[in-house]
Ligand code: AMP
Ligand code: FE
Ligand code: FE
Ligand code: ZN
C-alpha cells in the first residue's frame, strides 16, 4: 500500500469516476479521498450526476464532505476569432440539490451524445471496422464517450494504443469524425444558474487563448453572462499559470477554484488531491467561499 498522505485542510474540486471517463468506481474514489485525508471532494463527471449520487452513502460513512458537481462541454464563440473554442464548464451545486429543468436539459444532452455515438459507430463500420454501438455502450456506464471507443478499437487490434485510436479513427482530425453538438457557453451558464449551481471555467489554459488580451476579453464576456468562478489550480497549470489565473479571478471578482482532474489509471500521472508532481493543493477556503456566496 502507498504511504498514507495527509491532506487535511485541503480539498479536490475536480475528479471523475467510471460513471464518465475515470477508472475508479464512486466507492473507490471516496475511499482514496479518505485515505489521503482530504477534507472535501467534488465529483465532476462529464454530463452526469450518476457517480456523485452513487458515492453519497460511501462518503457519509467515511465522514467525507462530498460536493455535487458536473463538467459540461460547451462552445465559446468570440468576436474576431474565426473558429469557436471547446470550453469545459464546471458546475457546482453546494446545496446538493439541482432543479428539474437542469436535469431535463441534461437528459437532452445525453440523448445528443448517444446520437453522436450511433453515427460514430456507423462511420467506423463504413471504414470496415467491426464495431457496434451496443458493444461500446457495454463498456461505458452512464456516459459512453470516445475513450470507450478507443479502448475497444485497441482491444480489437484496430489501433496500437489510445492515442493511435484517436489519430486513426476518433480524433477531431480523423477521417470519420462525427461532431457532437454543444451549447454555447453563455447558454450553459444560464442553465447552471437557473439550476442552483455555480458555473466555473475549467482548466482555462486549454482554451489556448495565447494572447492575454484575448483571454481577458473572453473572461469579461463570460463574467457578463453570469460566470461565477475560474479554475485557478489544475494539473495542467504551472505555478506561473496559477498566479496568472488567480490575477484574473481577482480582477473579475470570480471565485478561484481548483482540482486535480483525477481520472484514475486513465491519466496515471495525475494524483487525487495532488495533481502532477504535487502541483495541486487546493485550500479548503476555496470551497468555504463558494458556500458563502450562495
Ligand atoms: P467525447 O466527450 O465522447 O467526445 O470524448 C472526449 C474525450 O476524448 C476527452 O475528454 C478526452 O479524454 C478524449 N480525447 C479527445 N481527443 C483526444 C485525442 N486527440 N487524443 C486522446 N484523447 C482524446
Ligand atoms: Fe475526462
Ligand atoms: Fe475537462
Ligand atoms: Zn475533468
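The values are calculated or read from the model by the stated rules, or taken from the named source; none is laboratory data. All of these numbers come straight from a predicted model, not from anything done at the bench. Positions of Cβ are generated from backbone atoms using ideal geometry, with glycine treated the same way; all protein chains shown enter the neighbour counts.
Go over the candidates 54, 47 one by one and state the one that is buried (at least 16 other Cβ atoms within 10 Å of the Cβ), within 16 Å of ligand 2 (Cβ to nearest atom) and under 27 Å from residue 288 (Cα atoms). Please lay out each step first, then the result.
On the way: 54 fails: within 16 Å of ligand 2 (Cβ to nearest atom).
Among 54, 47, only 47 is buried (at least 16 other Cβ atoms within 10 Å of the Cβ), within 16 Å of ligand 2 (Cβ to nearest atom) and under 27 Å from residue 288 (Cα atoms).
Given the structure, is residue 80 within 18 Å of the chain's Cα centre (by Cα) and farther than 19 Å from residue 33 by Cβ? If you could, list the steps in order and put the result at the bottom.
Working: within 18 Å of the chain's Cα centre (by Cα): no; farther than 19 Å from residue 33 by Cβ: yes.
Considered against the rule, which asks whether it is within 18 Å of the chain's Cα centre (by Cα) and farther than 19 Å from residue 33 by Cβ, residue 80 comes out as no.
On the given criteria, is residue 86 in contact (Cβ under 8 Å) with a residue 24 or more places away in the chain, within 16 Å of ligand 3 (Cβ to nearest atom) and either under 14 Å from residue 272 (Cα atoms) or in a loop (DSSP other than H, G, I, E, B) (or both)?
Details: in contact (Cβ under 8 Å) with a residue 24 or more places away in the chain: yes; within 16 Å of ligand 3 (Cβ to nearest atom): yes; either under 14 Å from residue 272 (Cα atoms) or in a loop (DSSP other than H, G, I, E, B) (or both): no.
The answer is no for residue 86.
Using the structure shown, decide if residue 121 is more than 20 Å from residue 46 (Cβ to Cβ), within 13 Å of ligand 1 (Cβ to nearest atom) and either modelled with pLDDT of 95 or more or part of a loop (DSSP other than H, G, I, E, B) (or both).
Values: more than 20 Å from residue 46 (Cβ to Cβ): no; within 13 Å of ligand 1 (Cβ to nearest atom): yes; either modelled with pLDDT of 95 or more or part of a loop (DSSP other than H, G, I, E, B) (or both): yes.
The answer is no for residue 121.
Going by what's in this entry, would residue 68 be described as more than 16 Å from ligand 1 (Cβ to nearest atom), surrounded by fewer than 16 Cβ atoms within 10 Å (Cβ to Cβ) and closer than 27 Å to residue 286 by Cα? Show your work before the answer.
Values: more than 16 Å from ligand 1 (Cβ to nearest atom): yes; surrounded by fewer than 16 Cβ atoms within 10 Å (Cβ to Cβ): no; closer than 27 Å to residue 286 by Cα: yes.
No.
May I ask you to list the residues in region 127-139 that are assigned to a loop (DSSP other than H, G, I, E, B) and either away from ligand 1 (no atom under 16 Å from the Cβ) or surrounded by fewer than 19 Cβ atoms within 10 Å (Cβ to Cβ) (or both)?
Restricting attention to region 127-139, the residues satisfying the condition of being assigned to a loop (DSSP other than H, G, I, E, B) are 127-132, 138-139.
Correct list: 127, 128, 129, 130, 132, 138, 139.
Taking residue 202 as meeting all but one of (1) under 27 Å from residue 99 (Cα atoms); (2) in contact with a helix residue (DSSP H, G or I) (Cβ under 7 Å, 6 or more places away or on another chain); (3) within 16 Å of ligand 3 (Cβ to nearest atom), write down the number of the exception.
Only one criterion is unmet by residue 202, namely (2).
Please specify each residue of region 181-197 satisfying the condition of being touching a helix residue (DSSP H, G or I) at 6+ places or on another chain (Cβ under 6 Å) and buried (at least 18 other Cβ atoms within 10 Å of the Cβ).
191, 195
Only residues that are within 16 Å of ligand 1 (Cβ to nearest atom) and in a loop (DSSP other than H, G, I, E, B): list them for region 43-65, please.
44, 45, 47, 48
Before we move on, is residue 12 within 16 Å of ligand 2 (Cβ to nearest atom) and closer than 16 Å to residue 231 by Cα? Working first, answer last.
On the way: within 16 Å of ligand 2 (Cβ to nearest atom): yes; closer than 16 Å to residue 231 by Cα: yes.
Criteria met by residue 12.
Matching residues to (1) buried (at least 16 other Cβ atoms within 10 Å of the Cβ); (2) closer than 30 Å to residue 36 by Cβ; (3) in contact with a strand residue (DSSP E or B) (Cβ under 6 Å, 6 or more places away or on another chain):
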| residue | (1), (2), (3) |
| --- | --- |
| 209 | yes, no, no |
| 218 | yes, no, no |
| 224 | no, no, no |
| 242 | yes, yes, yes |
| 249 | yes, yes, yes |
| 255 | yes, yes, yes |
| 258 | yes, yes, yes |
| 261 | yes, yes, no |
| 269 | no, yes, no |
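Listed here are the residues, each with its yes/no results for (1) at pLDDT 95 or above; (2) within 16 Å of ligand 4 (Cβ to nearest atom); (3) over 18 Å from the mean Cα position of the chain (by Cα).
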{"position": "159", "(1), (2), (3)": "yes, no, yes"}
{"position": "162", "(1), (2), (3)": "no, no, yes"}
{"position": "178", "(1), (2), (3)": "no, no, yes"}
{"position": "184", "(1), (2), (3)": "yes, no, no"}
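Kindly indicate whether any position in region 142-150 is in a loop (DSSP other than H, G, I, E, B), more than 16 Å from ligand 2 (Cβ to nearest atom), at pLDDT below 95 and touching a helix residue (DSSP H, G or I) at 6+ places or on another chain (Cβ under 8 Å).
Step one: of region 142-150, the residues in a loop (DSSP other than H, G, I, E, B) are 142-145.
So of that shortlist, the ones also more than 16 Å from ligand 2 (Cβ to nearest atom) come out as none.
Scanning region 142-150, I find no residue that is in a loop (DSSP other than H, G, I, E, B), more than 16 Å from ligand 2 (Cβ to nearest atom), at pLDDT below 95 and touching a helix residue (DSSP H, G or I) at 6+ places or on another chain (Cβ under 8 Å), so the answer is no.
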